[in-house]
Amino acid sequence: MYMGVTAMLKRTVQTRSKDTATVFGNRRQTWAQLYERVQRLAGGLRSRGLGPGDRIALIMNNCDRYLETSLATAWAGGVVTPLNGRWSVPELADAIEDSTPTVLMVDDSNLAPGQELVALVKKKGINLHLIYSGEAEGPKGVEFYEEIIKTSAPVEDAGRMDDDLFTIFYTGGTTGRSKGVMLSHGNIVSCVLQSMAEGHFLETAVYFNMLPTFHLSSMWPYMATTCSGAKNIIQPGFVPEDVLAMIDKEKVTEALLVPTMVQMLIEHPNFAKYNTSTFKRIIYGAAPITEALLDRAVKAFPSAEFVQAYGMTELAPLATTLQFRYLQGEHRKVGRNRSVGRPTFGVELQIVDENDKEVARGTVGEIKVRGPNRMLGYWNRKEETAAAIVDGWMHTGDGGYMDEQGFVYMVDRIKDMIISGGENIYSVEVENCVTQHPAVSQCAVIGVPDEKWGERVHAFIILQPGGKVTQDEIIAFTRERIAHYKCPRSVEFRTAFPLSGAGKVLKRELRKEFTGK
């Protein structure tokens, strides 16, 4: 491919130097201004010990400096390692010991745990150069981000590309202890170009990025807009009314949202107060969306095309796309709106059985994917890499099937499949059914131990404001719509679900209440 992340930046500066690159609070900068800062920051990082292939750990909320640092690290030849600021200091220390960075950058909200972390890992022989990237000058003895840019000379681009490592992303941990996913420059550039071929993140976009920086759903759009030269509107996190206000103020056209965020926006009591008519494309993904929620969202944002993106961190992250036209008309009548779309450009996708053999169309199996966007592997985990990547194919752990037209239908995580009385039950199907009840806002379905059936279907439900329904009414409602063996045998009402930083329901936490592990 002969192209890396910094090559995308250079092209954008050539073509859109005077266009706005980022908007963060009162700060606005053009691509030319960002380019100069990136070169100076890269020089500062090099002089502070960041060599070729060295890691820089970031514990930062979403901001313009996160984008600058990611690009500057690549420019200097280093590797970006975003960490989850919601983790405890021991959890962060575990990731630091695993990735062994030379530099740690923190913002205001992560300064105190960052200082504690530096002291903790120093006892284990890891010396971290701490940089503060917050909005003030920071405490004495800690270097300030802006001072580094001010006092450092620009340096030449290291020219990293292809299989050179760009980033290590620690997975969200929905299936256990986090692993470091190694993504190369080639992985990122490939996925960016695949995304743009699908119509995402084009140069005319006013893109809104408020997703957590430790998740690829934040880095992916940043790299794509760096390639296209689109405008980035940035907020530190997702606050529904702040998001609505910014859409109105900055005339936002595009955003990537997880289903829980979509729901929080459309259900906000002040939703109608703001003009959201500029919203032209809403990419939804990271977790399944129910048909009922999608219908409500399309109605709430009539000017927007809803486009589903399915993938995973290990695929940088895109595997399939479902364009808006498949949610409507004849496509809807045959159920294509319930699919996750077709394999994106440049990606091969198969459905395989337990022997890794491709199954017939319409048969459920495991989804596996290969393409230039597939990860290099898991950092320091050869055995787990070998188990996940077989003959070049990434085994996703997701269950699904493909129809005759190449549309892929997700049924469940393989580990989330419920086996009750010998029957395979997919929680997504049950959740889709339950959320059609007018009193139900959200639903999460798991299998719980049962002496007779092995497992039984158990539904956790969050009601709509003012909604009223009983367990027996929910069970009766589902028995009218899906096979009886798939229906919940027990129902539990909640006011909230445990969520990952990316907004995914942590079903393992719900299972712990029944299994203790």
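Every number in this text was worked out from the coordinates using simple rules, so none of it is lab data. Model, not experiment: these values are computed from the prediction. Note: ideal-geometry Cβ built from the backbone for every residue, glycine included; neighbour counts use all protein chains shown.
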In segment 251-369, lysine pairs 8 or more places apart or on different chains with C-alpha atoms under 15 Å apart total 4
Low-density loop GluC sites (Glu not before Pro), segment 108-163, at most 11 other Cβ within 10 Å, DSSP non-H/G/I/E/B, are Glu156
Amide H proximity to Val307 below 5 Å, modelled H, separation 5+ or other chain, gives Ile282, Ile283, Tyr284
Computed D for the chain, Stokes-Einstein, Kirkwood radius over alpha-carbon pairs, 25 °C, 0.890 mPa s, to the nearest µm² per second, is 103 µm²/s
For segment 1-75, listing trypsin sites (Lys or Arg not before Pro) in a DSSP loop whose Cβ sees at most 15 other Cβ atoms within 10 Å gives Lys18
A correct Karplus calculation of ³J(HN,Hα) over segment 443-449, with 6.51 cos²θ - 1.76 cosθ + 1.60, θ = phi - 60°, whole Hz and x for Gly and Pro, returns 8, 10, 10, 9, x, 10, x
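Calculate for the chain the 222 nm mean residue ellipticity that helices alone would give, adding -39,500 (n - 2.57) per DSSP H run of length 4 or more and normalising by residue count, nearest 500 deg cm²/dmol.
-9500 deg cm²/dmol
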Surpassing 30 Å at the alpha-carbon level, of the pairs Lys452/Lys507; Lys468/Lys512; Lys452/Lys512; Lys179/Lys249; Lys140/Lys249, are Lys179/Lys249; Lys140/Lys249
Projected area averaged over all directions for the convex hull of the alpha carbon atoms of segment 417-515, nm², comes out at 6.3 nm²
In whole Hz, the Karplus estimates of ³J(HN,Hα) for segment 110-123 (6.51, -1.76, 1.60; θ = phi - 60°; x where Gly or Pro) are 10, 5, 4, x, x, 5, 5, 5, 4, 5, 5, 6, 4, 5
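Could you please tell me the mean projected area of the C-alpha convex hull for segment 1-123, averaged over all directions and given in square nanometres to one decimal?
8.5 nm²
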Within segment 435-509, DSSP-loop trypsin sites (Lys or Arg not before Pro) with at most 15 other C-beta atoms within 10 Å are Lys452, Lys468, Arg481
Counting sequence-distant residues (5 or more places) and residues on other chains, those with an amide H built under 5 Å from that of Ala21 are Gln29, Thr30, Trp31
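So in the chain, what percent of DSSP beta bridges are antiparallel if you round to the nearest 5?
Percentage antiparallel, nearest 5: 55.
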Sorted largest first, the Cα spans of segment 355-469 on the principal axes come out in Å as 51, 35, 34
To the nearest 20 debye, segment 186-280 has a Cα-centred charge dipole, built from +1 on Lys and Arg Cβ and -1 on Asp and Glu Cβ, of 120 debye
Straight-line reach check, Lys150, cutoff 19 Å on alpha carbons, 8 or more apart in-chain or any other chain, hits among aspartates and glutamates -> Glu36, Asp64, Glu68, Asp107, Glu135, Glu137
Under 5 Å from the placed amide H of Gly341, counting only residues 5+ away or on other chains, we find Val408
Residue-ordered couplings for segment 300-310, obtained by feeding phi - 60° into the Karplus form 6.51 cos²θ - 1.76 cosθ + 1.60 and rounding to whole Hz (Gly and Pro as x), are 6, 10, x, 8, 9, 8, 9, 10, 8, 10, 10
